[in-house]
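What follows is one structure encoded as structure tokens, with my remarks underneath.
The values are calculated or read from the model by the stated rules, or taken from the named source; none is laboratory data. Predicted model only: the values in this text are computed from it and were never measured. Cβ coordinates were reconstructed from backbone atoms using ideal geometry, including for glycine residues, and neighbour counts include every protein chain displayed.
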Amino acid sequence: MDRRKELKELYKNMKPDMGIFIIKSTLNNKCYIEGTQDLKGTINGTKFRLNFGNYSNRELQKEWKEHGEESFTIEILENLEYDKDESKIDYTEDLTILKMIWEEKLAKQGVEFYKNVRRVL
């Protein structure tokens, strides 16, 4: 197999890191956490939408716009490992449970969360 085909095959078989990340305000005690099957892609997309002014969490978006990106930190709280047997492809439930565990842990530390208000059509 030539090098190009080999690299394509490696790329197709790559699995993105998945887990929980947090966006914390450095100005107050508020944060936003999210679970995702693609940490790097979701974090990049989140930053892009926040900088563009089009993020779904209106409260977080408002503060991001008022204070700027430099007033927030983004970090990965925990990586979720893939199952060994590789037959499992949907980790939504695992990520939801992991997010709930982190929310509880952070709430016990007195951290507040940005409220995710949904508009009703």
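Does the stretch 97-105 include one or more residues that are touching a Leu at 6+ places or on another chain (Cβ under 7 Å), farther than 19 Å from SER25 by Cβ and not basic (Lys, Arg)?
Scanning the stretch 97-105 turns up at least one residue that is touching a Leu at 6+ places or on another chain (Cβ under 7 Å), farther than 19 Å from SER25 by Cβ and not basic (Lys, Arg).
Find all pairs meeting these conditions: Cβ atoms under 8 angstrom apart; at least six residues apart or on different chains; first residue within the stretch 27-55 and buried (at least 19 other Cβ atoms within 10 Å of the Cβ); second residue small (Gly, Ala, Ser).
Within 8 Å, the pairs are CYS31/SER25; GLY35/GLY19; THR36/GLY19; LEU39/GLY19.
Is the stretch 41-53 home to any residue that is in contact with a Pro (Cβ under 8 Å, 6 or more places away or on another chain) and closer than 25 Å to LEU95 by Cβ?
yes
Given the condition under 29 Å from MET14 (Cα atoms) and either among the charged types (D, E, K, R) or modelled with pLDDT of 95 or more (or both), answer yes or no: does some residue in the stretch 62-73 qualify?
Yes, some residue in the stretch 62-73 is under 29 Å from MET14 (Cα atoms) and either among the charged types (D, E, K, R) or modelled with pLDDT of 95 or more (or both).
Going residue by residue through the stretch 44-54, is there one that turns out to be of a type outside the set (Lys, Arg), modelled with pLDDT under 95 and touching a strand residue (DSSP E or B) at 6+ places or on another chain (Cβ under 6 Å)?
Looking through the stretch 44-54, none of the residues is of a type outside the set (Lys, Arg), modelled with pLDDT under 95 and touching a strand residue (DSSP E or B) at 6+ places or on another chain (Cβ under 6 Å).
Check every one of the helices (runs of 4 or more DSSP H) wholly within the stretch 36-119 and list those with 2 or more residues that are over 17 Å from the mean Cα position of the chain (by Cα).
58-67, 92-108
Collect the residues in the stretch 72-90 that are closer than 19 Å to ILE22 by Cβ and touching a Phe, Trp or Tyr at 6+ places or on another chain (Cβ under 8 Å), keeping them in residue-number order.
If the condition is that a residue be closer than 19 Å to ILE22 by Cβ and touching a Phe, Trp or Tyr at 6+ places or on another chain (Cβ under 8 Å), then PHE72, ILE74, GLU75, ILE76, LEU77, GLU78, LEU80 are the ones that fit.
Take LYS15 and tell me if it is basic (Lys, Arg) and under 22 Å from LEU98 (Cβ atoms).
So LYS15 fits the description; yes.
Is it the case, given these coordinates, that TYR55 is aromatic (Phe, Trp, Tyr) and touching a helix residue (DSSP H, G or I) at 6+ places or on another chain (Cβ under 7 Å)?
Considered against the rule, which asks whether it is aromatic (Phe, Trp, Tyr) and touching a helix residue (DSSP H, G or I) at 6+ places or on another chain (Cβ under 7 Å), TYR55 comes out as yes.
Hey, TYR82 hits all of (1) modelled with pLDDT of 95 or more; (2) at negative phi but one; which does it fall short on?
Of the numbered conditions (1) modelled with pLDDT of 95 or more; (2) at negative phi, the odd one out for TYR82 is (1).
Would the stretch 75-95 turn up any residue that is more than 22 Å from MET14 (Cβ to Cβ) and among the hydroxyl-bearing types (Ser, Thr, Tyr)?
no
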